[in-house]
1. Rounded to whole Å and ordered largest first, report the semi-axes of the equivalent ellipsoid of the chain derived from its Cα gyration tensor (root of 5λ).
2. At a Förster radius of 45 Å, what calculated FRET efficiency corresponds to the Cβ-Cβ distance of D170 and D354, to the nearest 0.05?
3. At 7 Å along the Cα-to-beta-carbon direction for both F221 and V196, put a label point, then send me their distance in nm to one decimal.
4. Compute the long axis of helix 277-287 from its Cα atoms, compare it with the longest principal axis of the Cα atoms of the chain, and write down the angle in degrees, 0 to 90, nearest 10.
5. When the Debye formula is applied to the Cα atoms of region 87-145, each taken as the same point scatterer, what base-10 log of I(q)/I(0) results at q = 0.14 Å⁻¹?
6. Counting pairs of alpha carbon atoms under 8 Å apart in space and at least six apart in sequence, what relative contact order in percent does the chain give?
7. Can you pull the one-decimal nm distance between simple spin-label points at A235 and E370, each 7 Å off the Cα toward Cβ?
8. Using a 10 angstrom cutoff on alpha carbons, build the Gaussian network for the chain and name the most mobile of V50, V379, V24.
Amino acid sequence: MVVGQGYVGLPLAMRAIEAGFHVVGIDVDEWRVKRLAAGESCVGDVPDGVLAAALGSGRYRVSTDYADAEGFDVCVISVPTPLRDGVPDLRHIGSAGQSIAPLLRPGVTVILESTTYPGTSEEYLRPLLEDGSGLRTPEDFHLGYSPERIDPGNTRWRLDNTPKVVSGIDAVSLEHVKAFYSRIVREVVPVSSLRVAELCKLLENTFRHVNVALVNELAIFARQLGIDVWEAVDAASTKPFGFMRFTPGPGVGGHCLPIDPSYLSWKVKRSLGHNFRFVELANDINDHMPEHVVHRLGLALNQRYRSIRGSRFLLLGLSYKKNAGDCRESPAIEVAKALCKLGAEVRAADPHVDDFLLPVGIELVEPTGEELARADAVVVLTDHDRFDYDLVQRSSEFVFDTRNRCRGPNVERL
Ligand code: SAJ
């Protein structure tokens, strides 16, 4: 059983079927279940053909009813773990745990994959499973944690070839978790406890978030010093050891980086009473980048005897990262909203985003030469490879580029 058939659970279900397992995919979203049962994938990394093959094999079912998974041997929970008012929201894990508990049998294995703070598996999920079943772990059933490392759209690093960190509440549970994933991925990385595995995931993404904040703040200061930060990043990236390339941008979006570090800082605050200063500083810097972009646009337009109010903007890219259509927590959307609020006319082009996602007041257009020439300012926010950056530079009166894709006398960069 795989609980949650989203960008993590569906690829996992498909890999498990390829490995010979029978899988019941459980999801609370009836619309998603209907589409999946009809062979329509709702995850970019899972083509309809793979889903059709899974359905055709007779070894994949998708349902909203946990009872359809009765008799499972292994259950993986891959449900969202958002923040609610800055605080971890474990309700989806809680709901899954309460629904799974009555189906537990001696000898089964339950594995949590959702990103969460250290201690969740033992202190939150374990009691739910035990109280709802009358069974105990590790005595009766096995409990594990294995962080997901799915990077949507990444064709180089997929589920099957990305090393998988695995853990168990005890050595026997660990062996069962290892045995399961060893049939699904090329390399499993056992660690000594559930908490180490939970912390490992938060470290991966907090590291990334903090370093993005570093280059974002560096970009602000380098410009004031008259130094090209992009060239400095490129030069530093030639160091073959001890340096990892990060680039400035309009902020940090997605369902990982803006969220995961706050799970860590919340745990440190709640358990130790300390502020996790790196996380709080990184959040502050990255959260302010959209505002900084709008500030720079105001200055640039003032130099052209214009103001934001009444000016026509064409934003290139609305999703949170290039070549992806996901707009969750997208800084580009924050920039668009701020410009609308200041009285600008905002149009946007994004080949990966459908217009139903857009906030009110933003018109989705094609980035034609005419649209580019019409704008008082063209703003590169998400640098999809499908944009024609030469056309952008040639056709636009003024380009503000937050992703270092354009060159020319009419181009200003972050
Ligand atoms: N960003 C920058 N500069 C950078 C890197 C990222 O501004 O140098 C921004 C992006 O534009 C985006 C946000 O940060 O708005 C997040 O970008 P991301 O590349 O980290 O993309 P995510 O959120 O999809 O991160 C995922 C994570 N994968 C998982 O959690 C399983 C992360 O651990 C991966 O490192 C990352 O993909 C990846 O490597 O692509």
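1. Working: eigenvalues 369, 115, 69 Å².
In descending order the semi-axes read 43, 24, 19 Å.
2. That pair, D170 with D354, gives E of 0.45.
3. 3.7 nm
4. In the chain, helix 277-287 runs at an angle near 50 degrees to the longest axis.
5. Ignoring solvent entirely, the Cα scatterers give -0.33.
6. 10 percent
7. Placing both labels 7 Å beyond Cα along the Cβ direction yields 4.5 nm.
8. V50
No value in this document is a laboratory result; all are computed from the given coordinates. Everything numeric here is computed off the predicted structure, so don't read it as measured data. Cβ atoms come from the backbone with ideal geometry, glycine included; neighbour counts cover every protein chain shown.
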